[in-house]
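Asks: Below: one structure in structure tokens.
Read the figures in this text as sums done on the coordinates, not as results from a lab. What you are looking at is a predicted structure, and each value in this text was computed from that prediction instead of being measured. Positions of Cβ are generated from backbone atoms using ideal geometry, with glycine treated the same way; all protein chains shown enter the neighbour counts.
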Amino acid sequence: CNDFLELTPISEDTVENGYNSAPQIEAALNGAYESFQTTDYYVWDNILLGDVRSDNFYAGGDNPEVFEYDLLTTSPTNGRVNKAWSEIYNAILKANVVLEYAPKVEDPKLSEERKNQILGEAYFLRAYHYFNLVRLYGGVPLVLEMTKSADPEKTNLPRAAAEDVYAQIATDLQMAIDMLPERYESAMIDKARATKGAAAALAAKAEAQSPNRDYNKVLKYIETVENSAAAYKLIDFNHLFDGGHFNNEESIMEVQFIEGTDGNWEPQMNLPKSISGDDWRKFVTPSHDLINAYDAQGDDIRKNNTVLFEEVSWSDEYWFNTPNSSIPFAYRRKNASGWASADRQYILRYADVILLKAEAFNALGNISAAAAEVNQVRARVNLPELTADDMSSKENMNAAILLERRLEFAHEGQRWYDLQRFGKLVSTMNNLVEIDLRTGKPTAYNMTEAKVLLPIPQNELDRNAALEQNPL
Amino acid sequence: QSKLNGEVTDNNGEALPGVTIQKIGDTEGTITDMNGKFTFPVVLEVGDSLRFSSIGMKTKTAAYTGQLSLKVKMETSVIGLNEVVVIGYGTQAKKDVTGAVAMVGAEDMKARANTQIGALIQGKAPGVQVLSSSGKPSEGFRIRIRGTNSINAGSEPLYVVDGVPTQDTRALNPADIENVTVLKDASSAAIYGSQGSNGVVLITTKRGNTDRPQVTFDTYAGVAEVWKMQKVLNGEQYRDLMTEMGQNTEWDKYQENTDWQNKVFQKGYSQNYQVSVSGKSNKTNYYFSGGYLDQTGVVRTSEMQRANFKINLDQEVTSWLKVGTRMAYTSYSDVDVKDNLDVNQGGVILGSLSTPPIIGVKNPDGTYTSNPLQNWENPLAHTDAPVRGYSNQRMLANVYAELQLVKGLSFRTNFGIDNNNDVYDYFLDPFSTSYGRALEGQGINSTNNNGYFTFENILKYNTSIKKHQLDFLAGSVIQKWNWESTHIERRKFSGGNIQTPNAGAVITAADARKSEKSNVSLMSRVNYSFADRYLLTVNFRADASSIFGQDQRWGYFPSASAGWRISEEAFLKDVQVISDLKLRAGWGIVGNDQIGSPYASRGLIGSSNNGYPIGGSSQPGTYPSSLENRSLKWEESEQINVGLDLALYNGRLRVTADAYQKDTRDLLLQSPLPTSTGFNSAWRNVGQLQNRGIEFNIGTLNIDKAVSWNTDFNISFNRNEVISLVDDMYEGQIAGRGAAILVQEGLPLGSIYGYRYAGVDPKTGNAYYLTKEGETTFTPTPEDREIIGDANPNFIYGMTNTVSYKGWSLMMFIEGAQGRDMLNATRFDTEGMTDPKNQTSAVLRRWRKEGDITDIPKASWGNRDNSRISDRFVEDASYLRIKALTLGYNFPASWLDPASISGLRVYVTGENLFTWTNYSGFDPEVNAFGGSNTVQGIDYGTFPQSRSLIIGLNVTF
């Protein structure tokens, strides 16, 4: 009768037998990568929080929780804030599973070299997720081991200081840099998996973002990126987002999708009827302020890769109060493919590293070296070199870099954190003038220092008594 | 010698049909015809005695003295003391029952047309709450016996159909049911051990017991409609509101005036046919039936069909061996409509309210229209465009053999199965809707293939020594379930002609999976009675479940109950007024392993759907899907019950009263975890729940002259409380507004949670709320939320009155629930004024300018601060409903005899004819979260109950 009662799951593995062989640990790692595809956060909310929250885009659409992001009134009960938190921590769990089980796998098919790579990839993923958490919420609980017990003593962890989170990110990324290869066997794989270049690029970004940043370290990490056998370089800007040049030479790492079967739903949320086939009011509407910034520079190439105007039947509170007017749509991802597009986000791309290098040079007092880096990025979109005025002071140079980053990375989820890093977040949002056509008055953003971070989700506070809320 | 003829009448000399006549000490018997006449099938000898019994009459014994004919007058008695009650694995005389048991007999069932078993029980048995959380034809019932006993494990009772346990009762045909017994307390349900913690509903189907084959034909037809509509804004008022919120469109283009409720709601028609043949010949009892039911719902396109076939057969093979079978085959299909969703998600009920009247149904190009300010399509796009349907084939069957080993000792072996296959098909064409166009068409096919078997072996022994009567039972049961499912979805269709997924160019999902579960149980029972006065029942059962880890697999569940028939004591025996008085008391522990995850104690690793593409092609990916807990064990429910049965004046007044307390411990709880663990929840044995209550059933025979009048009334009070819990649980998420239900120590399940509304500020038009300290604020914090309602009724009740005169009978059944709250979440969408949804006319009172004094805040585009979950939307959903009113007429035998018809009845029934309630929504008897244990009392565009009129006919040949 014990045989009759001893039933092993048919369609699932269990922790006792699911992580023992080489293909199983590879599958666990792939599952960890898959969070880039299957979470709302990495598909969409990173754009909402990086761009809609900033001066680049309006919420568009019809979702009050997204309006909260846009209008800087995000409350602790906002469901998206909770979703982002739990999705990122779920991704961390998957990385922790790989870190726990990979060293224990004894399978002749798993070489020591590959085992190290696997660990390096998992360290990279964990660091990337904590980098997002710390930017969104500040210090967060550091969960560094796979969860094995539901005991509140073990699960109710307090928040670590932001500095400690950044220190852990640096530690994980150093492991990743040491363990990861510069290239795998093909370019397609190079951009899908973490590489030494990706780990170094992320380490540079995290170092620059951290409260105790050291720009010399940033430059050291960048050197590792530049020396990579992957030979990253800038490509034609029009190729970056045309849906025809995936896994290109500028890409350091990007989320992988397959059109139709394993696709990305995000483009359908943004693209107009002519492309998406449906004419409900779309999300993530480019702002006047963003379009003015492109126009002021005459930056047509990047503007045309960011914004598409089309006539719509609804009215838009910022663009036109009368129907059948032309309004802009977010356009970096250009193919909707019925909610299953192959178009994707870059996790890291080389232009970011170049502008980060400029930022580091400028911070260390080398303004002309900084300008040279910025000019590379400008040259490929046919813009003139920075002016003498731009180069006249560290402050002006910083402003030029920040603007360049805005034009370069609009709709890539970076703006909010760039403003934060440059110390311009509060002033920029408070100086932002966006006229609400329904009232004829500018929208009051009432930006404060406290709003730099999201609130800790109420749902998580309810479940974990050791957590403390951010100032609201 | 010839056979005995006879006639049976009642007190008034009226013929009594259907009286069972049995020779005492033998199995021979017959039944009276429509004229009360009978011919006893075997030749009797002087000294034989005959027993005459019939429901509602006092059983009478008559001795055979060699006469040629016999006239018997029977007295009315509602008491039915010798009535036999079906209990677990056997039957028992009602007078000997020591547990809390409720019965619904054939008489109750005949009174009206029923499509589902739940409707038979609703309001008929104290302590039994039947929840019909929506009025969909496809919706089943949920039954709660003495409250909700669990949080994450099942709270539905065990249904046992002719000895085969089952969960889904939608496939049962009420016309085949002979009677239903509800085992409510631990001691009566304990024989079902692990599956009995929520009570047991025993369903016995009909068998033949007349010598002459009896053919019955039943049919009815009905029409149903919603009983209430909502008043919404007209086109002009809608435009005003939108303009106020700064919205603009080419209003001149939208000049229609569509009444969307009128489009969505329709008259629903139903028709039902049922034929059965039953009888008894020699040593064979048989019952065959076939039935067909066809119903269209009150919401456009919703429908349901059911065809049933049934064979019940018992054969005496030898004097010591009896074999038999019960087989039921059901073919069921329905078309569902989406409810409990907002218009953005295609919710049809909310769509009928939220869609502005200014648009028509279709555009000139054949596509569905949408809200001009936001592309939400009108509700007909969701009822008419998707071609969809669910169908289910189910076989519920068992075979048994019963051996009489020696006198008093019998052995029964029973093998039963419950197999069902269901298929869901869905197709959305690539033209008419915007979602269909975006996907270029979508085809889905899902199947489930579920199997179950049970194998029981039971040994019974009964003996009596002087005044001691003893019954022993011992047995074993093994059960196994297996589930298989597949799911296929394809997109990109060339057109709308081929609607199966094969025609789609892109495979978006292709999934197939299996799981299984097994139980092994050993059980035993002793019934002891002394002199019909002192009764004792003791049960012990051991259960093992594959869900739990090896060390925790077995659970042991004892129970005992005792009864004292005081009326049999010498000091009461001569008191004529009291015909029966019995005190009962019982205690027991029952287990529960009914959780939806058969591998809950395992640390499972799931495989992701499409994997992750590396190197351009998808690679397999896995993820940890649950936290391992090998110490997971049985949830236990301990119950005490005390009860009293009293019958006065020869059964003209009967009272049954019970009081109980049920404590459920070691709850199988999917308890929430901090999500920083990477998991959302984990299965643990934590927490404790309590249900306490009292329930009464009162039956009276008011008049039994030419006119007879019976009343049956029951009322139940249950109090539910969460005694302990590790962490509070926030549930019942409502479209972007957060949780509306709090599960917390000291509160009942179904506590509605939110802000306290304090009115409208005349200056700004914004909503005031109260802080914890009681001060008003526009911006309350989450900590200011409080309990603002309780979905549990203070009491539920039902009353049936039956009046008959000659062939006429009038039955009125009322049912109600008092003191329950409902969060009318529909009003978030219809009074919220945050987006381009049409609103109800309540918003005409909205604040518009400084100084306006009103209870409805101003419109605020894209901002829900003025429509937070608050007590503003909590309403009293108490109701009293005339559930059924039936007028029937039995044609007299004198008319029927020439046509060889033995019975003909016609009737007309009105269901839900009147409802008294203060609830403002479509219907107070709904729940958007269905049968959820914790989330109760929320209406969010839920398919309402309908009002219907049915005309029916029963013929017997």
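Asks: Name the trypsin sites (Lys or Arg not before Pro) in the stretch A:32-127 that are in a loop by DSSP and that have at most 11 other C-beta atoms within 10 Å, would you?
Replies: Those that pass, being in a loop and sparsely packed, are A:LYS109.
Asks: For B:SER49 and B:ALA512 in the same chain, what is the full-extension length gain: residue separation times 0.36 nm, less their Cα-Cα distance, in nm?
Replies: On the way: separation 463, 0.36 × 463 = 166.68 nm, distance 6.44 nm.
Roughly 160.2 nm would be gained on extension.
Asks: Roughly how crowded by other chains is peptide B:433-443, in terms of the mean Cβ count from those chains within 10 Å of each of its Cβ atoms?
Replies: 4
Asks: Same structure again: Quote the Stokes-Einstein diffusion coefficient, in whole µm² s⁻¹, for the stretch B:84-205, based on the Kirkwood radius over alpha carbon pairs, a temperature of 20 °C and a viscosity of 1.002 mPa s.
Replies: 148
Asks: Wrap a convex hull around the Cα atoms of the stretch B:5-74, take a quarter of its surface area, and give that in square nanometres. Display every interim value, and only then the final one.
Replies: Values: hull surface 16.9 nm².
Seen from a random direction, the Cα hull of the stretch B:5-74 projects 4.2 nm² on average.
Asks: Using the basic label-point model (7 angstrom from Cα toward the beta carbon), what is the A:GLU226 to B:GLU236 distance in nanometres?
Replies: Output for this residue pair reads 7.4 nm.
Asks: Under 25 Å Cα to Cα from A:LYS191, which lysines show up? Leave out anything in the same chain fewer than 8 places away.
Replies: A:LYS94, A:LYS109, A:LYS115, A:LYS205, A:LYS217, A:LYS220, A:LYS233, A:LYS334, A:LYS357
Asks: Which of the peptides B:861-874, B:908-921 is most tightly packed, and how do the rest follow, judged by the mean count of other Cβ atoms within 10 Å per residue?
Replies: Sorting B:861-874, B:908-921 by mean packing, highest first, produces B:861-874, B:908-921.
Asks: Could you list the GluC sites (Glu not before Pro) in the stretch A:171-277 that lie in coil according to DSSP, counting only those with at most 13 other Cβ atoms within 10 Å of their Cβ?
Replies: Of the GluC sites (Glu not before Pro), the ones in loops of the stretch A:171-277 whose Cβ has at most 13 other Cβ atoms within 10 Å are A:GLU185.
Asks: Starting at the first residue of the stretch B:427-436, write each ³J(HN,Hα) from the Karplus equation 6.51 cos²θ - 1.76 cosθ + 1.60 with θ = phi - 60°, in whole Hz, x for Gly and Pro.
Replies: 9, 10, 6, x, 10, 7, 10, 6, 5, x
Asks: Could you calculate the FRET efficiency of B:GLU773 with B:THR284 from 1/(1 + (r/R0)^6), where r is the beta carbon distance between them and R0 is 56 Å, rounded to 0.05? Before the final figure, lay out the partial values.
Replies: Values: r = 78 Å, r/R0 = 1.40.
It comes to 0.10.
Asks: With each pseudo-label sitting 7 Å past Cα toward Cβ, what's the A:GLU185-B:GLU745 distance in nm, one decimal?
Replies: My value for the distance between the label points is 5.9 nm.
Asks: Within 10 Å of each Cβ in peptide A:29-39, how many partner chain Cβ atoms are there on average? Round it to a whole number, please. Could the numbers behind the result be given before it?
Replies: Numbers: counts 5, 11, 12, 4, 6, 11, 4, 1, 6, 6, 0.
Counting other chains' Cβ atoms within 10 Å and averaging over A:29-39 gives 6.
Asks: In addition: Describe numerically, in nm with one decimal, the distance between label points set 7 Å from Cα along Cα→Cβ at A:ILE10 and at A:THR73.
Replies: 5.3
Asks: Among B:811-823, B:569-581, B:212-224, how do they line up from the highest to the lowest mean number of other beta-carbon atoms within 10 Å?
Replies: Highest mean packing first, the order is B:811-823, B:212-224, B:569-581.
Asks: Round to the nearest 10 and give me the degree value, 0 to 90, for the angle of helix B:235-244's Cα axis relative to the longest principal axis of chain B.
Replies: Compared with the principal axis, the helix lies near 50 degrees.
Asks: Let me ask something else about it. Subtracting the Cα-Cα distance from 0.36 nm times the residue separation, let me have the gained length for B:ASP532 to B:THR413 in nm, one decimal.
Replies: 39.8 nm
Asks: Starting from 0.36 nm per residue, how many nanometres of slack lie between A:ASN304 and A:LYS148 once their C-alpha separation is accounted for? Intermediate values should be presented prior to the final figure.
Replies: Working: separation 156, 0.36 × 156 = 56.16 nm, distance 5.00 nm.
Fully extending the segment from A:ASN304 to A:LYS148 adds 51.2 nm.
Asks: In deg cm²/dmol, rounded to 500, what helix-only [θ] at 222 nm does chain B give when every DSSP H run of at least 4 residues adds -39500 (n - 2.57) and the total is split over its residues?
Replies: Value at 222 nm, helices only: -1500 deg cm²/dmol.
Asks: Over the residues of chain B, compute the C-alpha Rg and express it relative to 2.2 N^0.38 Å.
Replies: 1.02
Asks: For the protein assembly as shown, what D do you get in µm² per second when you plug the Kirkwood radius from alpha-carbon pairs into Stokes-Einstein at 10 °C and 1.306 mPa s?
Replies: The Stokes-Einstein estimate is 45 µm²/s.
Asks: Additional query: Counting only other chains, and only Cβ atoms inside 10 Å, what mean value do you get across the residues of B:363-376?
Replies: On the way: counts 0, 0, 0, 0, 0, 0, 0, 4, 3, 4, 6, 7, 10, 3.
Going residue by residue through B:363-376 and averaging, the value is 3.
Asks: Among A:426-438, B:793-805, B:199-211, how do they line up from the highest to the lowest mean number of other beta-carbon atoms within 10 Å? Each step should come with its number before you reach the end.
Replies: Numbers: A:426-438: 15.0, B:793-805: 18.9, B:199-211: 21.3.
Packing order, densest peptide first, comes out as B:199-211, B:793-805, A:426-438.
Asks: Over what distance in Å are the Cα centres of the stretch A:403-472 and the stretch A:179-223 separated?
Replies: 27
Asks: Now a separate question. Under 15 Å from a point 7 Å along the Cα-to-Cβ line of B:ASN209: which residues of the stretch B:162-180 have their amide N that close?
Replies: Of the residues in the stretch B:162-180, B:177-180 have backbone N under 15 Å from the label point off B:ASN209.
Asks: How big is the dipole moment of the stretch B:5-74 about its Cα centre under a simple scheme where the beta carbon of each Lys and Arg is +1, that of each Asp and Glu is -1, and everything else is neutral? Debye, nearest 20, please.
Replies: For this selection, approximately 200 debye.
Asks: While we're looking at this one, here's another question. Measure up B:LYS37/B:LYS280; A:LYS83/B:LYS633; B:LYS338/B:LYS492 against 21 Å on the Cα-Cα distance and list the ones that go over.
Replies: A:LYS83/B:LYS633; B:LYS338/B:LYS492
Asks: Hey, what angle do you get for helix A:22-38 against the long axis of chain A, alpha-carbon based, 0 to 90 degrees rounded to 10?
Replies: Taking the Cα atoms of chain A, the angle to A:22-38 is about 30 degrees.
Asks: Between helix A:112-137 and chain A, what is the angle of the helix's C-alpha long axis to the longest principal axis, kept within 0 to 90° and rounded to the nearest 10?
Replies: So the inclination is approximately 50 degrees.
Asks: Where the only charges are on Cβ atoms (+1 Lys, Arg; -1 Asp, Glu), what is the dipole of the protein assembly as shown about its Cα centre, to the nearest 20 debye?
Replies: The dipole of the protein assembly as shown has a size of about 4580 debye.
Asks: Report the charge-dipole magnitude of the stretch B:84-205 in Debye, nearest 20, computed about the Cα centre from +1 at each Lys and Arg Cβ and -1 at each Asp and Glu Cβ.
Replies: Rounded to the nearest 20 debye, it is 320 debye.
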